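Since the structure comes first, as structure tokens, the remarks are kept for the end.
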Amino acid sequence: MSEFVLNIPTVMFSVALGSLISFVGVMISNKSNNDRLKVQLLHDEKEKELERKASLRKEVYLSTVEELTKANAYLGGLPQADIMNTNISIGIQGFLQSAAKLELVAEDDTGEALNNLVKSYMKLFMNLIARVLPIQTLYSDIEFNDTLHEEAQVEIKRVLAEMVRLRESGEPDDKVFSALQVSFEYAQTEAKGLTKETAIYRNDVVHHIKGFNSLLMDELAEIQLLQVPVLVCIRKELGIATDAEKYQKRVVQNAKEAKEMIETLYKEIDV
């Protein structure tokens, strides 16, 4: 009996020790779970932040690439644009705005490559405008000549109608008829002169456009090389694997083929 009584504290100590160990184990387990939860929450927060940035970048990047394509098309159509009565920069404003947005969210390498590209585009734009101005002047001359030619044709028709009326009136008047004849010949000479002058203007337009396109193709070939690091950086940030060297070769080949197509077209239409 006494032995049993003596063992009671030992049993109670064992039970207490076991409870303590269990409690410590629970505390350690809870701490570990809390630590894992904190890590998970931080990880989830980082993932959401990365997803948010990726989504924002994707939208801006795709917009920039789209506006870049539009800018190229606009530059190619400058000779036909009415730069005297419109905002000549409107065609590249979309690209410049998208580029400004991209610099806010892009990595440093992407922003630097983009900055070089934008500067080259602005330089090309100014050079092309200088080439377009003579073309626009010629278009104005042609439009003015067309107006004068229409007026001359109206005068020719009026004089001819008057000559027919006089001849059919039964009361011919040689002096009046001679005066009408002089007016007819003058208007006809004016019309022919305007036609020849307009033809010269049109040939000059073709000559200037040919020079414009030659400059455009050469400059775009250089600029497209500057596009390569921009697009490669964009693809990298979007998680798209890209072989930069292979990509650059493709760009160079495309530029070469485009220029050859233009030159072939000129030869076929004998410009």
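Values quoted throughout were computed directly from the atomic coordinates according to the rules given, and no laboratory measurement underlies them. No experiment lies behind these values; they were computed from the predicted model shown. As a convention, Cβ positions derive from the backbone with ideal geometry for all residues, glycine included, and neighbour counts pool all protein chains shown.
General remarks:
- A199 paired with K236, simple spin-label distance in nm, labels 7 Å along Cα-to-beta-carbon: 5.9 nm
- For region 62-133, convex hull volume per residue from C-alpha positions, Å³: 71 Å³
- Extent along principal axes [Cα atoms of region 137-271; Å; largest to smallest]: 93, 29, 22
- Modelled spin-label separation between T147 and K267, with each label point placed 7 Å from Cα along the Cα-to-Cβ direction: 4.3 nm.
- Chain lengthening between K123 and D243 when straightened (0.36 nm per residue, less Cα-Cα): 40.3 nm
- Neighbour net charge for Y139 - beta-carbon separation under 13 angstrom, K R +1, D E -1: -4
- Label-reachable residues, region 103-127, where backbone N falls under 18 Å from a point 7 Å from Q93's Cα toward its Cβ: 122, 125-126
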